[in-house]
Amino acid sequence: MKRALLSPFDGERRSPASKLRNRRAAARRALELIRVVAEGIRVAQQSWRIPVMSLPSVLKRSCLPLLGAGLLFACSSEDSGSSESGRTAAGGTGGTISVGGTAESGGTTETTGGIAESTGATSGGGVATGGGGTITGTGGGGVATGGVTGGTTETGGGGVATGGAATGGSTGGTVVMLDNPAPPETFTEDQVPGVSFDMVYVPGGTFTLGCEGSPCPDDTTPVPGVTVSSYHIAKNEVTAELWNAVMGGESSGFGGPRMNWYQAMEYACKLSQMTGRAYRMMTEAEFEYAAKNHLSSLEDIGSGEEWAYNSWNKTHSGGTDPVGPDSGAHMQKTRRDAQNTVDNITARLIRSIDGQGPQLRPVISAGVDFPPEYVPPCELTPPDIGEEPVNSYRDPRWVTGSDAHWVKGASGFGQFDDLRVWEDGTARLNNTDGQWFTSNNIVFVFVPSSGAIKKYPYIFLDPTQGSLISEGGFMNGYMGRIVKESADNYPKPTISGPKSGAELAMEAGDDFKMVDMENIPESAKEQDPRLIDGPGQCWFQDNTNAGGLHHYRKDVDPDEFRFTVNQGQMVMLANGEWFTVNNTFLRITHSTGYTTDYLYAVSPDGSYFYHDSYQGYERADFRMFQPKSNSESFPESCGSHCSSEIPKGEPAPFNANTENGHSTFVPAPCPADGCK
């Protein structure tokens with residue numbers, strides 16, 4: 001039977017635990033609905049041949065075993081458009097999706113997709129799904145899937161049509177027909193025009209994931225009894241020729257395409273469209289099992305790092321077909337075939353989800369479309385923040401009301417358990433009542449009813465997730481990701497003597513004044529003296545215990561700011577003249593005009609310098625630096641670069657010439673009466 005995957009979907013984001021609860025509830029509802037309608041539609045199963053529409057993976061796995069060959073089905077999902085971290089879900093924000101079928105000739109099914117109604121009528125019964133558009137299906141057992149508001153689609157003769165197919169979060173999306181299962185043996189994929197490649201069949205088995213010998217790389221504690229189901233894995237990494245044939249453009253690779261994690265997912269999605277097979281990114285377990293047991297059948301192992309699906313975690317997950325915690329979340333990911341380590345087969349390294357560099361070695365599951373809890377590639381798109389709100393003392397994106405709250409995200413350290421924000425300026429942080437304001441849409445400030453204010457420089461990734469740092473760090477503050485989730489209703493506290501955001505900012509001091517960030521006036525440009533490190537000193541981040549062999553160094557002098565990453569060689573990330581605004585915003589500009597932007601915070605005792613990056617290859621990634629003398633010892637993987645002052649007057653960073661190497665900072669526009 002053909003299977004169709006529809007993506008991407010649109011909806012509000014939720015935590016992995018909340019998402020899983022919703023999926024399981026939806027699966028139970030779907031099974032009950034199937035039992036009710038199955039008898040009535042059984043009479044049509046011989047004449048109808050309806051592809052399975054894309055549903056959340058747990059729901060689809062629950063429905064499929066009950067379908068039988070050619071059996072039309074009906075499933076109901078009331079996820080309200082649940083999703084997380086760049087993954088989108090059906091129905092539109094706050095919407096409800098149902099996919100229905102009729103057992104009678106000429107029957108009609110109505111579907112509400114969050115905004116508008118869709119109707120489908122076919123001469124032999126039909127299914128229609130919609131997300132804010134009008135969809136008409138005609139013909140013998142056709143299926144229509146609808147796209148953006150106002151879109152119209154038609155289909156006939158058992159075919160599939162999409163209207164307003166979109167990516168990046170619009171309702172509707174790309175239909176991927178999975179109608180070409182791979183044979184249970186090694187085969188050559190020849191469905192890409194002009195290019196072929198080999199897929200090696202790997203029979204499933206049980207093994208120990210991790211390093212069992214000595215010495216072992218960091219973060220490779222062995223986990224015995226890990227089982228992988230049978231799958232195919234590409235003999236080679238994706239070549240530039242293959243990339244271009246699938247993506248329809250020129251890659252920026254040197255021998256192979258350079259891609260970030262989302263671009264790799266987009267490639268897998270498009271490759272699936274071309275071939276009718278469910279291509280995807282390999283998991284850590286699949287890489288290691290193949291490299292340990294079928295190394296002679298693979299090429300390019302040992303030549304360069306490769307993307308893995310798993311979100312970064314310092315320990316492995318066990319079980320069957322493990323994908324690890326935070327599946328599909330927008331957070332740092334994992335590199336395998338790690339070079340310059342004691343064992344590239346078991347070594348694993350961290351990588352920013354937006355960072356380019358690792359290669360891709362696609363895989364296909366045998367027998368199922370995707371492993372349990374694996375988010376299909378076509379459903380994974382980068383988060384989209386939308387338009388920047390007007391500069392004000394209360395950024396509306398923070399407002400939760402009584403039935404939602406901000407909490408810690410997938411990665412974070414410190415005290416940030418519960419933040420509720422009301423439009424009138426009332427707030428409640430970690431069980432403390434108070435008020436709130438923002439400064440230039442880059443700093444959130446909580447003003448408790450008594451005690452010191454708490455300042456959080458922030459970068460939003462989209463309306464439901466962001467990244468924070470604070471001067472208190474992870475001991476007395478917070479640094480890391482935050483997510484906005486629905487919560488039990490909490491009545492708005494009563495605050496004595498409420499004040500406007502402007503009044504609160506004025507009382508807090510000059511560091512919170514409104515500035516025209518689109519055209520920063522010279523009077524607002526300063527050099528925060530806390531950042532200047534002095535002769536023979538630097539700011540250093542040691543990544544030894546953070547999943548990396550690369551380490552970061554900053555040298556800050558009044559005439560030039562230099563920032564490098566070092567692993568055997570020194571790579572410049574930012575250098576040039578610099579200034580700060582309100583002791584929070586940092587801009588570094590090279591003589592060529594290349595600009596890098598960061599938010600920063602310094603601990604009260606000067607022992608930590610935190611930053612949150614606006615750069616496209618690591619947006620909202622946070623780092624922590626400590627002062628270090630050149631005479632101290634540095635990690636061996638630095639070579640000699642970490643212990644020496646970074647030279648001045650160097651060329652612009654390499655990223656100045658890359659697609660995602662530039663600042664993503666979007667300044668908040670001033671209100672009509674100006675920034676004041």
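Worth pointing out:
- Relative contact order of segment 210-287, pairs being alpha-carbon contacts under 8 Å that are 6 or more residues apart, as %: 21 percent
- Each principal axis of segment 363-448 carries a Cα extent, and these read 56, 30, 24 Å when sorted largest first.
- Pairs from the table (K454/K648; K484/K554; K314/K408) lying more than 27 angstrom apart at Cα are K454/K648; K484/K554.
- Ligands, DNA and RNA excluded, the heavy atoms of S230 present near 30 Å² of accessible surface to a 1.4 Å solvent probe.
- Here the contact order of segment 204-351, divided by its residue count and restricted to Cα pairs under 8 Å and six or more residues apart, works out to 27 percent.
- Loop-located chymotrypsin sites (Phe, Trp or Tyr not before Pro) in segment 199-286 (DSSP state other than H, G, I, E, B) with a sparse environment of at most 10 neighbouring Cβ atoms within 10 Å: F254.
- Charge dipole (segment 579-647, unit charges on Cβ, about Cα centre) - positive-most of G593, Q626, H641: G593
- Residue order for M331, M475, M274 - accessible surface, 1.4 angstrom probe, largest first: M475, M274, M331
- Accessible surface for D605 stands near 120 Å², nearest 10, in the context of the full protein assembly shown (1.4 Å probe).
- Relative contact order of segment 389-505, defined on C-alpha pairs under 8 angstrom at six or more residues apart (%): 31 percent
- Gyration tensor verdict on segment 440-554 (Cα atoms; rounded if a/c is under 1.5, prolate if a/b is larger than b/c, oblate otherwise): oblate
- Using θ = phi - 60° in the Karplus curve 6.51 cos²θ - 1.76 cosθ + 1.60, the 3J(HN,Hα) couplings for segment 329-342 round to 6, 7, 7, 5, 10, 10, 9, 10, 6, 6, 7, 6, 10, 6 Hz; x is entered for Gly and Pro.
- The magnitude of the dipole of segment 548-616, with charges of +1 and -1 set on the Cβ of Lys/Arg and Asp/Glu and taken from the Cα centre, is near 180 debye.
- Under Karplus coefficients 6.51, -1.76 and 1.60, residue-wise ³J(HN,Hα) of segment 359-368 in Hz, glycine/proline x: 8, 10, 10, x, 9, 9, 6, 9, x, 10
- 3J(HN,Hα) from dihedral phi, segment 185-196, Karplus parametrisation 6.51/-1.76/1.60, rounded to Hz, x for glycine, proline: 6, 5, 9, 9, 7, 10, 8, 8, x, x, 9, 10
- Those trypsin sites (Lys or Arg not before Pro) in segment 314-407 that DSSP places in a loop and that have at most 13 other beta carbons within 10 Å: K314
- Placed amide H near Y458: partners under 5 Å, 5+ positions off or other chain: V443, F444
- q = 0.18 Å⁻¹: log10 I(q)/I(0) that the Debye formula gives for segment 310-349, counting C-alpha atoms only: -0.54
- For G204, nonlocal amide neighbours, meaning residues 5 or more places apart or on other chains whose placed amide H falls under 5 Å from its own, are S230, Y231.
- Distant-in-sequence amide H partners of G568 (H built 1.01 Å from N, under 5 Å): C638, G639
- Span from the segment 519-568 Cα centroid across to the segment 390-448 one, whole angstrom: 29 Å
- Near K235: Cβ cut-off under 11 Å, other residues only, Lys/Arg at +1 and Asp/Glu at -1. The net charge is -4.
- Relative frequency of Cα-Cα separations exceeding 12 Å in segment 423-473, percent: 66 percent
- Spherically averaged projected area of the convex hull of Cα atoms, segment 570-655: 6.6 nm².
- Expressed as a fraction of 2.2 N^0.38 Å, the C-alpha radius of gyration for segment 183-238 is 1.56.
- Rule-of-thumb Rg ratio for segment 379-516 [Cα; 2.2 N^0.38 Å; N residues]: 1.00
The values are calculated or read from the model by the stated rules, or taken from the named source; none is laboratory data. For clarity, every value in this text was computed on a predicted model and none was experimentally measured. So basically every Cβ, Gly included, is an ideal-geometry build from the backbone, and we count neighbours across all protein chains shown. These area figures cover heavy atoms from the full protein model, side chains too; ligands, DNA and RNA do not enter into them. Shrake-Rupley method; radii C 1.70, N 1.55, O 1.52, S 1.80 Å.
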